[in-house]
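The values are calculated or read from the model by the stated rules, or taken from the named source; none is laboratory data. From a predicted model like this one, the values you see are computed outputs, not experimental measurements. Backbone-built Cβ (ideal geometry, glycine too); neighbour counts: all protein chains shown. Quick note on the areas: whole protein, heavy atoms, side chains included, nothing else; ligands and nucleic acids left out. Shrake-Rupley method; radii C 1.70, N 1.55, O 1.52, S 1.80 Å.
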Amino acid sequence: MATGLARPLARSLKGRMFGTAAAAKPKNADEREPLGFVKKLENGLVVGTIESKSPIARIAVVANAGSRFETGQNLGVSHVLRHLPKLRTENLSSLGIIRRSLQLGSDITSQGNREYIYYKSAVTRNVVAPIVEILQELTTKSKIVDWEFEDLINDPNGLKLDLALLKTQPQIRAVEALHAAAFRNTLGNSLYSPEFQLGKFTSEQVAQYLKTYFSAGRLALIGVGVDQQVLEDLGRTFEPYKAAGAPSQQAVYAGGEIRENSGGDLAYVAVAFSGPSQVSSDLLPAEVLKHVLGAGPYIKYSLGTTSALGKAAAKATDGPFAVSGFTANYFDAGLFGFTAVAPSQSIDKVLRAAAKEVKSLLTSGVSDAQVNAAKNRLKAEICMNFENPENILSWLGEQSLHSNSIITPHEVYKMVDNISTADVNKVSLVKYIDRFLKEGTFCHVHSCVWDLNM
């Protein structure tokens with residue numbers, strides 16, 4: 001059973017349409033699009049579906065239980081939960097879970113981000129019920145036995161492998177450190193468990209987290225390529241843990257700086273400022289602005305010097321580099337900035353050139369032509385993102401838990417089309433750029449993060 005991290009772009013484009021109630025009303029802005037449904041059942045479980053008429057049904061149980069809800073006492077517990085499908089449940093052994101999923105021609109994968117945890121599967125439509133039974137066992141009937149839990153923590157191919165791979169991914173470590181600098185706790189909590197925690201987790205601690213955050217109102221059963229009524233009937237068999245008033249803390253942007261010196265010839269840097277949340281009116285304009293700056297090369301293996309950030313960095317150094325706009329949006333906070341990679345001797349030049357370009361665009365404003373081109377690139381990225389049904393499943397899950405209806409991709413495209421040049425120019429982050437340009441240099445670091453506050 002694989003584990004992974006999922007954060008599709010589509011997730012950050014739905015915020016302004018969030019509601020608090022759930023209803024079984026279909027939303028279909030274009031008759032060519034599949035219907036989306038969402039309904040909250042009597043047992044507190046939310047059921048959401050998109051009927052795609054595909055022969056393959058993709059099913060998931062999603063819980064609002066990501067790393068932002070961890071505390072100092074259970075730091076890293078959401079990372080453990082991503083490996084929990086390896087353990088037994090009340091009615092199935094770990095071997096039984098594997099054998100049954102293989103017999104159904106499926107597998108069980110777990111994914112997580114700072115706000116949500118997913119247990120996913122893909123099966124043919126005629127065996128949806130058996131795979132939902134397994135997902136139900138994993139999420140509402142977990143049985144954590146001490147000796148099996150100890151084996152899970154000490155498994156060299158489990159959490160320890162995740163942390164070993166993280167050490168080889170400086171670009172991920174930079175973004176993780178960026179969140180820690182920006183938010184301290186809540187959204188600053190890492191997606192990965194600290195190494196010092198691996199021997200300290202207890203089965204009771206994990207079970208308590210499960211009962212608190214996999215509870216009624218925080219749990220959804222979702223499906224793409226499955227009938228809503230079928231999934232509703234299956235959802236009524238669930239018995240989510242009773243809602244116990246799960247503690248929740250508002251994410252507050254603080255700003256700061258984190259530098260990680262670990263050797264190497266390249267410096268990986270992430271610079272971010274307080275950006276729009278998912279419910280902010282600046283959410284989509286900020287995404288357009290990111291594409292004005294440049295979101296990486298658009299042609300495979302190209303130098304990426306056609307974007308605004310790329311052109312500015314190319315003028316500042318003759319050496320290799322990579323620079324791209326960056327956004328991260330959550331329900332109550334967000335980040336906006338850019339990332340850069342360059343040899344440690346020239347990273348300072350690349351960063352200053354990129355920061356000056358961002359400041360120039362924000363102070364002088366962007367043109368209609370720049371905005372129109374960026375909107376086309378944004379829509380193309382969304383379209384390509386939705387080509388992956390896994391991303392649609394994640395999109396559906398997060399909407400189901402927070403919305404009274406499902407926003408279709410067609411509606412998102414219309415929202416992007418309605419963005420004006422004035423909307424983009426209204427996204428103001430100049431004061432943070434001013435501070436950045438006055439501060440020190442970057443050099444001789446392997447992984448570096450600078451997040452700025454006034």
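Residue pairs whose Cβ atoms lie under 8 Å apart, separated by 6 or more positions or on different chains, with the first residue in the range 351-373 and over 14 Å from PHE321 (Cβ atoms) and the second open to solvent by 10 Å² or more (accessible area, probe 1.4 Å) and of a type in the set (Asp, Glu), are LYS359/ASP434. Here ARG125, ARG100 are screened, and the one residue that is in contact (Cβ under 8 Å) with a residue 12 or more places away in the chain, open to solvent by 10 Å² or more (accessible area, probe 1.4 Å) and out of contact with any strand residue (DSSP E or B) (no Cβ under 8 Å at 6 or more places or on another chain) is ARG100. The set of residues in the range 152-180 that are among the hydrophobic types (A, V, I, L, M, F, W, C) and more than 18 Å from the chain's Cα centre (by Cα) comprises LEU152, ILE153, LEU159, LEU161, LEU163, ALA164, LEU165. Taken as a whole, the range 220-233 holds at least one residue that is among the small types (Gly, Ala, Ser), modelled with pLDDT of 95 or more and open to solvent by less than 50 Å² (accessible area, probe 1.4 Å).
Scanning the range 291-305 for residues that are of a type outside the set (Ser, Thr, Tyr) and open to solvent by 20 Å² or more (accessible area, probe 1.4 Å) gives ALA295, PRO297, ILE299, LYS300, LEU303. Counting only residues that are of a type outside the set (Ser, Thr, Tyr), open to solvent by 10 Å² or more (accessible area, probe 1.4 Å), touching a residue at least 60 places away in the same chain (Cβ under 8 Å) and not in a loop (DSSP other than H, G, I, E, B), the range 103-122 holds 2 of them. Taking the range 49-83 as the range and being hydrophobic (A, V, I, L, M, F, W, C) and open to solvent by less than 10 Å² (accessible area, probe 1.4 Å) as the test, the residues that pass are ALA57, ILE59, ALA60, VAL61, VAL62, ALA63, ALA65, VAL77, VAL80, LEU81. If you go through the range 389-423 and keep only what is at pLDDT 90 or above and outside any helix (DSSP H, G or I), you end up with ASN418, ILE419, SER420.
Test LYS379 against the criterion of being in a helix (DSSP H, G or I), under 21 Å from ASN425 (Cβ atoms) and open to solvent by less than 40 Å² (accessible area, probe 1.4 Å), and give yes or no. It is false that LYS379 is in a helix (DSSP H, G or I), under 21 Å from ASN425 (Cβ atoms) and open to solvent by less than 40 Å² (accessible area, probe 1.4 Å).
Of the residues making up the range 84-97, those that are surrounded by fewer than 17 Cβ atoms within 10 Å (Cβ to Cβ) and not in a helix (DSSP H, G or I) number 3. Is it true that some residue in the range 248-264 is surrounded by 16 or more Cβ atoms within 10 Å (Cβ to Cβ) and closer than 27 Å to PHE149 by Cβ? No, there is no match, as no residue in the range 248-264 is surrounded by 16 or more Cβ atoms within 10 Å (Cβ to Cβ) and closer than 27 Å to PHE149 by Cβ.
If you go through the range 145-174 and keep only what is hydrophobic (A, V, I, L, M, F, W, C) and surrounded by fewer than 19 Cβ atoms within 10 Å (Cβ to Cβ), you end up with VAL145, TRP147, LEU161, LEU163, ALA164, LEU165, LEU166, ILE172. Out of the range 223-253, which residues are closer than 22 Å to PHE69 by Cα and either part of a strand (DSSP E or B) or of a type in the set (Lys, Arg) (or both)? The answer is TYR241, LYS242. Looking across the range 139-184, the residues that are in contact (Cβ under 8 Å) with a residue 60 or more places away in the chain, part of a helix (DSSP H, G or I), over 26 Å from ASN91 (Cβ atoms) and out of contact with any His (no Cβ under 8 Å at 6 or more places or on another chain) come down to GLN171, ARG173, ALA174, VAL175, ALA177, LEU178, HIS179, ALA180, ALA181, ALA182, PHE183. When the range 191-222 is filtered for residues that are small (Gly, Ala, Ser) and over 27 Å from PRO240 (Cβ atoms), only GLY199 remains.
On inspection, VAL427 qualifies as in a loop (DSSP other than H, G, I, E, B) and either at pLDDT below 90 or surrounded by 19 or more Cβ atoms within 10 Å (Cβ to Cβ) (or both). Give me the residue from the range 274-309 that is modelled with pLDDT of 80 or more and among the polar types (S, T, N, Q) and, out of that set, farthest from LEU361 (Cα to Cα). Ranking the qualifying residues of the range 274-309, first place goes to GLN278. Of all residues in the range 243-266, those that are within 14 Å of ALA177 (Cα to Cα) and among the aliphatic types (A, V, I, L, M) have Cβ atoms under 7 Å from Cβ atoms of residues that are surrounded by 14 or more Cβ atoms within 10 Å (Cβ to Cβ) and modelled with pLDDT of 85 or more, 6 or more apart or on another chain, in ALA254/ALA182; ALA254/PHE183; ALA254/ARG184; ILE258/ALA177; ILE258/ALA180; ILE258/ALA181.
Total residues in the range 20-64 satisfying the condition of being part of a loop (DSSP other than H, G, I, E, B), at pLDDT 55 or above and hydroxyl-bearing (Ser, Thr, Tyr): the figure is 2.
Taking the criterion of being over 29 Å from TRP395 (Cβ atoms) and assigned to a strand (DSSP E or B), no residue of the range 294-324 qualifies. If the condition is being in a helix (DSSP H, G or I) and open to solvent by less than 10 Å² (accessible area, probe 1.4 Å), then the range 325-376 contributes ILE347, VAL350, LEU351, ALA354, ALA355, VAL358, VAL371, ALA374. Filtering VAL279, VAL271 for residues that are closer than 30 Å to LYS211 by Cα, open to solvent by less than 80 Å² (accessible area, probe 1.4 Å), of a type in the set (Val, Ile, Thr) and under 20 Å from the mean Cα position of the chain (by Cα) leaves a single hit, VAL279.
For the range 5-19, the criterion of being at pLDDT below 50, surrounded by 15 or more Cβ atoms within 10 Å (Cβ to Cβ) and polar (S, T, N, Q) is satisfied by at least one residue.
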